[in-house]
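Read through the structure below, which is laid out as structure tokens, and then see the notes.
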Amino acid sequence: MQIFSAIVVTIVGALVLLGCGSHAMKSAPVGFLSQPQLMKKCSDDSWSYTAAKVNWPSYTGVYVAPVAIAAGAMEGGMWGNESDLPALATTFRTDLQVALGKRYAEAPAAAANVLVVRAQIIKAKPNAPARNLAPQTQIGGTGYGFGEVAIEVVDGGTGAVLYEFADRQSTTRFSTEKLSVWGSLEKSFETWSASVAKGCCVQ
């Protein structure tokens, strides 16, 4: 009995590690950001860059471009559909506008003294809510969704890169977001928007 229990614990531990580490963002994403080589690794799941001596108060507006969706962004999941992603991208754009709107007026387009925010959803995996209802169904996090994003903020007049951010957000075991199909990704939108606002000196 003790041997059987030890085997079970070993298997569960391996599954948990697999679930946590298999999609870690271990390199800066390329192909969307203007200058990904500027970013420094913050963790296995996060990269960022902030230009030195940016005069943030000199910017009077912010334009958040429509959020892009990377080719092949949808990852697995029998619950969500790829057709859900455009609406989710719109939600993310709104979250960014709200977070940055606490300091900067919304601008209709790129211009001098306007911050331009570009974002791309790199990966989006939906939750499987039925697998997340009880602790015994959550072994290895097989029902957990996650999302990855790349964001940059540039000067609307010169195009100079002021801020870049790439991150992966995973579902946590005790979150309530895992009980809806896209709850984890939508929660990530709020987290990412707050990070961008902080990077752009929104108090």
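Some notes on this structure:
- Single residue of the range 151-191 satisfying the filter (aliphatic (A, V, I, L, M), farther than 19 Å from residue 82 by Cα and crowded, with 24+ Cβ neighbours inside 10 Å) that is farthest from the chain's Cα centre (by Cα): 153
- Leading residue by the ranking (farthest from the chain's Cα centre (by Cα)) among those in the range 107-129 that are among the polar types (S, T, N, Q) and crowded, with 16+ Cβ neighbours inside 10 Å: 127
- Test result for residue 113, of a type in the set (S, T, N, Q) and either within 22 Å of residue 28 (Cα to Cα) or in contact with a strand residue (DSSP E or B) (Cβ under 9 Å, 6 or more places away or on another chain) (or both): yes
- Evaluation of residue 76 against the conditions (1) assigned to a loop (DSSP other than H, G, I, E, B); (2) in contact with a Phe, Trp or Tyr (Cβ under 8 Å, 6 or more places away or on another chain); (3) under 28 Å from residue 143 (Cβ atoms) shows that the sole unmet condition is (2).
- Single match in 56, 47 (criterion: among the hydrophobic types (A, V, I, L, M, F, W, C) and over 25 Å from residue 157 (Cβ atoms)): 47
- Of all residues in the range 167-203 being more than 18 Å from residue 130 (Cα to Cα) and assigned to a loop (DSSP other than H, G, I, E, B), the one that is modelled with the lowest pLDDT: 203
- Filtering the range 25-44 to residues that are closer than 21 Å to residue 159 by Cα and either surrounded by 14 or more Cβ atoms within 10 Å (Cβ to Cβ) or of a type in the set (S, T, N, Q) (or both) leaves 28, 29, 32, 33, 34, 35, 36, 37, 38, 39.
- Some residue of the range 89-100 being over 20 Å from residue 202 (Cα atoms), assigned to a loop (DSSP other than H, G, I, E, B) and of a type outside the set (A, V, I, L, M, F, W, C): no
- Qualifying residue in the range 186-197 (condition: under 17 Å from residue 36 (Cβ atoms), touching a residue at least 24 places away in the same chain (Cβ under 8 Å) and among the aliphatic types (A, V, I, L, M)): yes
- Taking the range 88-106 as the range and being in contact with a strand residue (DSSP E or B) (Cβ under 6 Å, 6 or more places away or on another chain) and surrounded by 13 or more Cβ atoms within 10 Å (Cβ to Cβ) as the test, the residues that pass are 89, 93, 96, 97, 100, 104.
- Residues of the range 52-87 that turn out to be under 22 Å from residue 30 (Cα atoms) and crowded, with 16+ Cβ neighbours inside 10 Å, as a count: 8
- Taking the criterion of being farther than 22 Å from residue 32 by Cβ, among the aliphatic types (A, V, I, L, M) and at pLDDT 95 or above, the residues of the range 59-117 that qualify are 98, 105, 111, 112.
The values are calculated or read from the model by the stated rules, or taken from the named source; none is laboratory data. These numbers come from a predicted model, not from an experiment. Methodologically, a virtual Cβ is constructed for each residue, glycine included, from the backbone with ideal geometry; neighbour enumeration extends over all protein chains shown.
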